[in-house]
1. Mind checking the per residue accessible area of the chain for me, 1.4 Å probe, whole number of Å²?
2. Find, to one decimal place in angstroms, the Kirkwood hydrodynamic radius of region 131-212, where the mean of 1/r is taken over every pair of different Cα atoms and then inverted.
3. Suppose the Debye formula is applied to equal point scatterers at every Cα of region 112-166; what is log10 I(q)/I(0) at q = 0.14, 0.26 Å⁻¹?
4. Report in % the part of the accessible area of the chain that belongs to carbon and sulfur, leaving out ligands and nucleic acids; probe 1.4 Å.
5. Place a label point 7 angstrom from the Cα of K151 along the Cα-to-Cβ direction, then list the residues of region 172-192 whose backbone nitrogen is under 18 Å away.
6. Ordering F70, F240, F101 from largest to smallest accessible area (1.4 angstrom probe), what's the sequence?
7. Restricting things to alpha carbons, find the Rg to Rh ratio for the chain using the Kirkwood radius for Rh.
8. Roll a 1.4 Å probe over the protein heavy atoms and report the accessible area of D38 in Å², nearest 10.
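The values are calculated or read from the model by the stated rules, or taken from the named source; none is laboratory data. Note that the structure is a prediction, hence the values are computed from the model and not measured. Every residue, glycine among them, receives a Cβ derived from its backbone with ideal geometry; neighbour counts consider all protein chains shown. To get the accessible areas, we keep the full protein, side chains included, count just its heavy atoms, and leave off ligands, DNA and RNA. Shrake-Rupley method; radii C 1.70, N 1.55, O 1.52, S 1.80 Å.
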Amino acid sequence: MPQDTRPAKSGARRFVWLAVGIAVLGLAWTAGWHFVADRIETRLPGSLQQLAGREARAECANADIRGFPFRFGLFCDGISYSSARSGMRAEGGALRSAAQFYRPNHIVSELDGPVSFSGNAGEGRIDWQSLQSSMRVTPRGLDRGSIESRKISFDLDSRALSSRVGLRAERLTAHARKNGPDADIAIYAEGVGGSPLDQVAFDRLTLEATLPGRAALLDAPFRGPQGAFDLDLHRFLAEFDESTSLEISGPIRVDEVRRISGDINVTVRNQENLAALAARLDPQYAELIGNVAPMLGALDTVAGDDAITVPLTIRENAVSMGFIPLGRLPAF
């Protein structure tokens, strides 16, 4: 009989050690998770200051780290930003974010609207039904990121504008990434309308471009391009309906005073309808298209499709088709 009880005692002993091991591992994991969470909370003010930059301040109201046991997520009741240099101030709704413990640099988040902002240049408000983001971060800033929103609206009022701007989009997505020394950007919008586009709506808007040598734009603190910069415009496409669109592509340079120069290709589909749509915005646009239209067919560089593609030259905002001057682009 004693020999028969040995296997049972050995099995029970192994089960006890296994249970003890699981308990110790659980306690160690819990202690480790809370240690990391405390470090994140402790470093949060410094991280926000890095994002905001000098003479600016970013805040996360009632910050809390959640997600135990397998995630780390920053939750805020509201976010805000202020800059003494620019006079800009912005306030937004609640923020919820999460990152898996095995991939802490990949962060997904959701932000509640609206975001209101004001500054020396004017004031405005951005609101949405939903806004989500996905980011892959590095110690220096952003490696790549995406934002997707539904039913988003932009309202802006400024002394520099002749009237208040109020744009709406059913869906808007934006992407940015470092591509070696360059920065790639892409923006896609659907169902775009609003003021000053009261008489014109877009089915879709597409922007795909590269900023050569500007990967540092994705480093914190985030700032727009300073001074002159180049832009490889892969595609800007405005689709008004199934048959009418305007597409622009080509290299562009923007100088220190924001004048544009470049050699671009412009592709027009259904030029008659496009001229009618332009007339709703400004009769001068329709007159310009009407003056150019008779020449477009003869200068079409892509045969065999239902569109007309012509090269345009821009020199410090002055637009020409070959030796024929067409006008000037507005300053921005």
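1. Values: 20260 Å² over 332 residues.
The answer is 61 Å² per residue.
2. With all distinct Cα pairs of region 131-212 included, I get 14.4 Å.
3. Each listed q corresponds, in turn, to -0.54, -0.93.
4. On the way: 11760 of 20260 Å².
Answer for the chain: carbon and sulfur cover 58 percent of the accessible area.
5. It comes to 172-173, 190-192, nothing else.
6. Numbers: F70 115, F240 30, F101 90 Å².
Ranked list, largest accessible area first: F70, F101, F240.
7. Here the Rg-to-Rh quotient is 1.15.
8. 90
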